[in-house]
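Each remark here refers to the structure printed beneath this line.
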Amino acid sequence: MGSNKQSDTVRCFIVGSARSGTTLLQAMLASHSSVFSFPESHFYCEGAPRGRVRGRLRVVVVRVAQRAVQNSLKLMGRPDLEYMVPRRSVMFRSYARAFARAVDRATADAGNSVWVEQTPHHLDYIPLTTPSHPDTALAHLIPVGR
């Protein structure tokens, strides 16, 4: 798994198509005492830049990106970390980094060293995930034979 250079927290995103086993993998990893996990955040699905020009420039509508981080924090039970959300940045990378830093904090506060985020549809946002979190592990599950 990838390690965050700024702390000892290990970050992992689990992505895949529907019914590929992402929830099962998350549950298996979350059973370990060092792992912090939470419900599907949909952060990238909700906060990513929309449209061809915004997508290319990676520019967001500020309120939409802020809400995506805030919704993720509420799902984690940590709305108190909303102070970490950028106030004016139009760059998506700022919100992605704020999301990761907030989850790092929640992980450390829970006494864990690894966090696992599992939203299958984040598969569609890998080009946004990788530059924002270069030291993060990515598990892409592919269903085989049904």
Exercise. Looking only at segment 91-104, decide whether some residue is within 30 Å of Ser31 (Cβ to Cβ), of a type in the set (Asp, Glu), at pLDDT 95 or above and more than 13 Å from the chain's Cα centre (by Cα).
Key: no
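For segment 82-94, indicate whether the set of residues that are touching a strand residue (DSSP E or B) at 6+ places or on another chain (Cβ under 9 Å), under 20 Å from Val61 (Cβ atoms), open to solvent by 10 Å² or more (accessible area, probe 1.4 Å) and not charged (D, E, K, R) is non-empty. Write out each step before concluding.
Residues of segment 82-94 touching a strand residue (DSSP E or B) at 6+ places or on another chain (Cβ under 9 Å): 90-92.
Imposing the further condition that a residue be under 20 Å from Val61 (Cβ atoms) reduces the set to 90-92.
Within this subset, residues satisfying the condition of being open to solvent by 10 Å² or more (accessible area, probe 1.4 Å) are 90-91.
Adding the requirement that they be not charged (D, E, K, R) leaves 90-91.
There is at least one residue in segment 82-94 that is touching a strand residue (DSSP E or B) at 6+ places or on another chain (Cβ under 9 Å), under 20 Å from Val61 (Cβ atoms), open to solvent by 10 Å² or more (accessible area, probe 1.4 Å) and not charged (D, E, K, R).
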Quiz prompt | Output for segment 53-70, where each listed residue is among the β-branched types (Val, Ile, Thr), surrounded by 15 or more Cβ atoms within 10 Å (Cβ to Cβ) and under 17 Å from the mean Cα position of the chain (by Cα) | solution = Val60, Val69
Self-check item: Failed item, numbered, when Leu57 is tested on (1) touching a strand residue (DSSP E or B) at 6+ places or on another chain (Cβ under 6 Å); (2) modelled with pLDDT under 95; (3) aliphatic (A, V, I, L, M)
Solution: (1)
Practice problem: Please determine, by comparing only the residues of segment 32-52 that are open to solvent by less than 20 Å² (accessible area, probe 1.4 Å) and part of a helix (DSSP H, G or I), which one is farthest from His122 (Cα to Cα). | Solution: Gly47
Quiz item: Can you find a residue in segment 24-31 that is at pLDDT 95 or above, within 20 Å of Ala110 (Cβ to Cβ) and assigned to a loop (DSSP other than H, G, I, E, B)?
Solution: yes
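Listed here are the residues, each with its yes/no results for (1) in a helix (DSSP H, G or I); (2) out of contact with any Leu (no Cβ under 8 Å at 6 or more places or on another chain); (3) open to solvent by 30 Å² or more (accessible area, probe 1.4 Å).
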| residue | (1), (2), (3) |
| --- | --- |
| Ser72 | yes, yes, no |
| Asp104 | yes, yes, no |
| Trp115 | no, yes, no |
| Tyr125 | yes, yes, yes |
| His140 | no, no, yes |
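The values are calculated or read from the model by the stated rules, or taken from the named source; none is laboratory data. What you see is a predicted model; the values in this text were computed from it and never measured. Ideal geometry is used to build each Cβ from the backbone, glycine not excepted, and the neighbour counts take in all protein chains shown. What goes into the accessible areas is simple: the full protein's heavy atoms, side chains included, and nothing from ligands, DNA or RNA. Shrake-Rupley method; radii C 1.70, N 1.55, O 1.52, S 1.80 Å.
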